[in-house]
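Working notes, beginning with the structure itself.
The values are calculated or read from the model by the stated rules, or taken from the named source; none is laboratory data. Please read these numbers as outputs of a predicted model, since none were measured by experiment. Virtual Cβ from ideal backbone geometry, glycine too; neighbours counted across all protein chains shown.
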Amino acid sequence: MAVRKLKIIIGVALIGGVALTLVLPVLNSALSPPKDFKWRAIWVHPRDLGRTPAEVEAFFDRLQECQINLVFPLVKGSNGAIFWQSKQFTRAIHPDYRHFDLLRAVVRAARQRRIKVHPWLCDFPEGQNSPAFQEHPEWAMRNPEGGITADEKLAGGRPYRPVWMCPVRRPGYVDQWLQPMIKEIVTDYEVDGIHHDYVRYPGDVAPDSYCFCDACLEHYLRYNHFIYPSRPEKRLPLQLILPRPEANWHYDQTLVPENWSQMSRQEKARYLLEGKAVNRNDLDYYFYETRCDAIAQFVRDTTRLVKEIKPRAEVSAAVFINPMRAGRHIGQRWTDWLGAVDFLAPMNYRSHFQGSFNDYLVYLSDYTRSQLEWAHGEAVILSGITGHYIYREERSPWEEALNYLKGEDSLTEKQFVKLMEENLAYLGRFSPSRKKELQQKLRAFLKNPRGKKEIDELIQGLQAVLSSPPRDFFPPEKFLKTIETVRQAGADGVAIFSAGIITRNHLWGALEKAFAPGKK
């Protein structure tokens, strides 16, 4: 254990007109070295693992060189495709992996290197063409209009593709599809645990609009005891016994309108979000709390299922950074799960924060400490970081140029040319040959700025820089500073998203350096 050392600060305070010298003991964090990471985890997609046993072995050699000791290999994607040799859900197996048992190869390679494996499932989203949704459209979450999440739009009118499935309906998606999948994985493979992701309601499209399927509408009434099931026709108004109306909250009352059965789905949703319980429009409290409880119940039930099969198996989850805000907006109040999860990986990505890179490091440190406090030592905190969003300053000029070419930016031609000159100068520091190649595409575009071929080729050239940058284009020092900030904040470990990003941005060397044995 590190020795806590104090330094003395001498200050002067003016109290009652008299100058007093103050001697203040202050913790000197610089003299108290942070603990080393016990856990070094990484999220991995199937394409990074490969399609043969030899490719999987080679990938795990790389993980071992970087001292990774916990891996989250994707086994169920957000489109519903799965990546193991399922006996029960063969129709959901990704076509590229029908004849190669990727998960078995992963478990074998990890076991040889003493790396733990928590198969990673995107819990509640499916694809519009996934077997689960195609065979059971009634399992999907519904908004007040009866629509599904795939009908929603993102910025710029882009379609939102996933179909989120209801966590409440029984029988339904949870007990007929998702939990049987988890049971099969834990039973048939020597995994060390299960990793939850997307274990929540949808938050990027209309977070207050789901779920209002028929099962949920009835669940809100029953679960919150808005009605007496034995006497569903009985209506009991609030009794005003105490002077303050809200002080009568604990007296017997039903909260179902007389015409509930005749109300439309939209009317029922509006009542649950805007209705009055006592003297305020506060019924939405029950809506949000019920969603939190539904997700927490799923987590607890699934943990019980996993540990009945493998008592020593662990449960981990990727979560949003603030459990109170996440509880309100997406039903993911992960402090409710303490005791049911062994590892929590808050996604402390820079995309969730405002300001400069240095601002991000400050905010990351503060949030990591808060997450440790919220967990109360009842779960391991793996501070989740990514090698993508930290490079906002490096990416932004290229993305701005792309937006101009796509007609989505208000730059003038002169401003665009100046921007591209700066981009090319930066690119030339790392790859003169690629600078020259892109320069030629730019000249062709400037000669014919309305030519489709010239526009498309320049767009492809810009995109290629971001998707396949030259070495050091994205400075490893920023990645190392991010990891060190998490270490200084006292996290139990770090979780890196993702192996593919690390490869693309040439950050494996930085990762090896950050996790070198004895690194402080």
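Looking only at the stretch 175-226, which residues are among the hydroxyl-bearing types (Ser, Thr, Tyr) and farther than 26 Å from VAL278 by Cα?
Of everything in the stretch 175-226, those that are among the hydroxyl-bearing types (Ser, Thr, Tyr) and farther than 26 Å from VAL278 by Cα turn out to be THR187, TYR189, TYR198, TYR201.
Yes/no matrix, rows are residues, columns are (1) exposed (fewer than 13 other Cβ atoms within 10 Å of the Cβ); (2) at pLDDT 95 or above; (3) of a type in the set (Ser, Thr, Tyr):
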residue: LEU438; (1), (2), (3): no, yes, no
residue: LEU458; (1), (2), (3): no, yes, no
residue: LEU462; (1), (2), (3): no, yes, no
residue: PRO469; (1), (2), (3): no, yes, no
residue: GLU477; (1), (2), (3): yes, yes, no
residue: THR482; (1), (2), (3): no, yes, yes
residue: VAL486; (1), (2), (3): no, yes, no
residue: GLY518; (1), (2), (3): yes, no, no
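Looking at this structure, is MET165 over 24 Å from PRO311 (Cβ atoms), surrounded by 19 or more Cβ atoms within 10 Å (Cβ to Cβ) and touching an Asp or Glu at 6+ places or on another chain (Cβ under 8 Å)? For MET165, the condition - over 24 Å from PRO311 (Cβ atoms), surrounded by 19 or more Cβ atoms within 10 Å (Cβ to Cβ) and touching an Asp or Glu at 6+ places or on another chain (Cβ under 8 Å) - is met. The single condition among (1) in a loop (DSSP other than H, G, I, E, B); (2) in contact (Cβ under 8 Å) with a residue 12 or more places away in the chain that ARG450 does not meet is (2).
Quick grid of which residues meet (1) within 30 Å of GLY384 (Cβ to Cβ); (2) modelled with pLDDT of 95 or more; (3) loosely packed, with under 12 Cβ neighbours inside 10 Å; (4) hydrophobic (A, V, I, L, M, F, W, C):
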| position | (1), (2), (3), (4) |
| --- | --- |
| SER264 | no, yes, yes, no |
| LYS276 | no, no, no, no |
| THR303 | yes, yes, no, no |
| SER316 | yes, yes, no, no |
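Only a single item in (1) more than 22 Å from HIS329 (Cβ to Cβ); (2) not assigned by TED's automatic domain parsing to the domain that holds TYR251 is not met by ARG222, and it is number (2). In the set ILE309, ILE321, only one residue is of a type in the set (A, V, I, L, M) and more than 27 Å from GLN488 (Cα to Cα); that residue is ILE309. Number of residues in the stretch 322-347 that are assigned to a loop (DSSP other than H, G, I, E, B) and either crowded, with 22+ Cβ neighbours inside 10 Å or of a type in the set (Gly, Ala, Ser) (or both): the value is 5. Filtered by the rule that a residue be in a loop (DSSP other than H, G, I, E, B) and touching a residue at least 40 places away in the same chain (Cβ under 8 Å), the stretch 348-376 gives ASN348, TYR349.
Given the condition hydrophobic (A, V, I, L, M, F, W, C), modelled with pLDDT under 95 and either surrounded by fewer than 16 Cβ atoms within 10 Å (Cβ to Cβ) or outside any helix (DSSP H, G or I) (or both), answer yes or no: does some residue in the stretch 395-414 qualify?
Going through the stretch 395-414, the residues hydrophobic (A, V, I, L, M, F, W, C) turn out to be 398, 401-402, 405, 411.
Going one step further and asking which of them are modelled with pLDDT under 95, we end up with 411.
Remaining after also requiring either surrounded by fewer than 16 Cβ atoms within 10 Å (Cβ to Cβ) or outside any helix (DSSP H, G or I) (or both): 411.
Checked the stretch 395-414: at least one residue is hydrophobic (A, V, I, L, M, F, W, C), modelled with pLDDT under 95 and either surrounded by fewer than 16 Cβ atoms within 10 Å (Cβ to Cβ) or outside any helix (DSSP H, G or I) (or both).
Summed over the stretch 182-213, the residues that are assigned to a helix (DSSP H, G or I) and either touching a Cys at 6+ places or on another chain (Cβ under 6 Å) or loosely packed, with under 14 Cβ neighbours inside 10 Å (or both) give a count of 1. When we screen ARG270, ARG312 for residues that are assigned to a helix (DSSP H, G or I) and modelled with pLDDT of 95 or more, the only hit is ARG270.
Is at least one residue of the stretch 351-363 among the β-branched types (Val, Ile, Thr) and under 25 Å from GLY500 (Cβ atoms)?
No; the residues of the stretch 351-363 include none that is among the β-branched types (Val, Ile, Thr) and under 25 Å from GLY500 (Cβ atoms).
Selection of first residues in the stretch 302-321 that are assigned by TED's automatic domain parsing to the domain that holds MET347 and in contact (Cβ under 8 Å) with a residue 24 or more places away in the chain and of second residues that are in a helix (DSSP H, G or I) and among the aromatic types (Phe, Trp, Tyr), restricted to Cβ pairs under 6 Å at least 6 apart or on distinct chains, gives the following pairs, ordered by first then second residue: VAL319/TRP334; ILE321/TYR367. Could you count how many residues in the stretch 101-147 are of a type in the set (Val, Ile, Thr) and either more than 25 Å from ALA317 (Cα to Cα) or in contact with a Pro (Cβ under 6 Å, 6 or more places away or on another chain) (or both)? Looking only at that region, the number is 1. Residues satisfying the criterion are present in the stretch 254-267 (criterion: closer than 30 Å to LEU178 by Cα and either in a loop (DSSP other than H, G, I, E, B) or not assigned by TED's automatic domain parsing to the domain that holds TRP337 (or both)).
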